1. In segment 176-204, what count of residues is obtained for those that are in contact with a Lys or Arg (Cβ under 7 Å, 6 or more places away or on another chain) and either without any contact (Cβ under 8 Å) to a residue 12 or more places away in the chain or of a type outside the set (A, V, I, L, M, F, W, C) (or both)?
2. Output the number of residues of segment 109-139 satisfying the condition of being over 14 Å from Gly10 (Cα atoms) and touching a residue at least 60 places away in the same chain (Cβ under 8 Å).
3. State whether the residues of segment 174-185 include one that is at pLDDT 90 or above, among the β-branched types (Val, Ile, Thr) and crowded, with 19+ Cβ neighbours inside 10 Å.
4. Please enumerate the residues belonging to segment 105-141 that are over 20 Å from the mean Cα position of the chain (by Cα) and outside any helix (DSSP H, G or I).
5. Inside segment 1-28, can you point out the residues that are assigned to a helix (DSSP H, G or I) and touching a residue at least 40 places away in the same chain (Cβ under 8 Å)?
6. Filter segment 175-189 down to the residues that are in a strand (DSSP E or B) and under 18 Å from Gly104 (Cβ atoms) and list them by number.
7. I'm checking my understanding of the structure. Among residues of segment 20-46 that are of a type in the set (A, V, I, L, M) and buried (at least 21 other Cβ atoms within 10 Å of the Cβ), which one is farthest from Ser97 (Cα to Cα)?
8. Just the residues that are modelled with pLDDT of 95 or more, touching a Leu at 6+ places or on another chain (Cβ under 8 Å) and either surrounded by fewer than 21 Cβ atoms within 10 Å (Cβ to Cβ) or part of a loop (DSSP other than H, G, I, E, B) (or both), please, taken from segment 51-75.
Amino acid sequence: MLAEFEIILGTSFINKPLLNQSLTHSSYGHEYKLPDNERLEFLGDAVLKLVVSEHIYHKFPEKAEGDLTKIRATVISDETLANVGRTLNMGEQLLLSANERGTGGTKRKSNVANAFEALVGAVFLDAGLGKSREIILRLLEPEIEKVSRAGYIRDYKSALQEYAQKNKWELPRYRVIKETGPRHRRVFWVEVKLKGHDWGMGRGGNKKEAEQRAAMHALAALKAEEKGKKRETGKGIRGILSQVRKRIKI
């Protein structure tokens, strides 16, 4: 099974236990006292950032730093990595505890995205940066193309910060208000404060994801408020014009 996975991935591991570890969820590791994929995930995250940063730096010489940051954030987001991991059927390759598997762990976005990062870390240790770059770009280049064409970046934190700066407000502040679930399936609840008020709350399998969702809700609330004010202003202007017309009998 792993041999077929290596063919799909485009590499043959010299150190097979590394590949196995990259697919070992913490729930399984705790249950069977085996090394899990969390440390490899940490390493893979850094390799992904380096490879994608270098690639888009050369690919988009006309784009400013802020735009490059947004592109990278979208390309290596949990959502994107989970989608790529699913095309590799990584969920079914994962070693999960019976409970984690029984509660939908093979399809859980955070599990698949984290495993993809761990896999990148394992490839880096086993075959070096060159092979890591080759695999990462082959799998992520379609997403890089799509994001650059669409002009749509799913980085709500950056969008909220820009919105605040445009209006000359203080920068958004994020705070974890609650953590639930076992260690291997933690859920974080984060709220974002702006203009002295709480504008949004989000939840996610890690703090980064929860902050993005809180920022998304805050942006929606702020834009709804802005639209409401414009409507009220419009009504006020229309009312004044109506009164003026009556007085001059237009």
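1. Residues that pass the stated criteria total 6.
2. So the count comes out to 11.
3. Narrowing segment 174-185 to residues at pLDDT 90 or above: 174-179.
So of that shortlist, the ones also among the β-branched types (Val, Ile, Thr) come out as 176-177.
When the remaining residues are screened for being crowded, with 19+ Cβ neighbours inside 10 Å, the result is none.
No, the conditions are met nowhere in segment 174-185.
4. Passing the criteria: only Gly128.
5. Passing the criteria: Leu2, Phe5, Ile8, Leu9, Leu18, Leu19, Asn20, Gln21, Ser22, Ser26, Ser27, Tyr28.
6. Thr180, Val187
7. The first filter runs over segment 20-46 and keeps only residues of a type in the set (A, V, I, L, M), leaving 23, 34, 40, 43, 46.
Now narrow it down to the ones that are buried (at least 21 other Cβ atoms within 10 Å of the Cβ): 23, 40.
Details: Leu23: 12, Leu40: 19 Å.
Here the answer is Leu40.
8. Answer for segment 51-75, where residues must be modelled with pLDDT of 95 or more, touching a Leu at 6+ places or on another chain (Cβ under 8 Å) and either surrounded by fewer than 21 Cβ atoms within 10 Å (Cβ to Cβ) or part of a loop (DSSP other than H, G, I, E, B) (or both): Ser53, His55, Ile56, Tyr57.
The values are calculated or read from the model by the stated rules, or taken from the named source; none is laboratory data. Please read all numbers here as calculations on a predicted model, not as lab measurements. Glycine also receives a Cβ, built like all others from the backbone with ideal geometry; neighbour counts cover every protein chain displayed.
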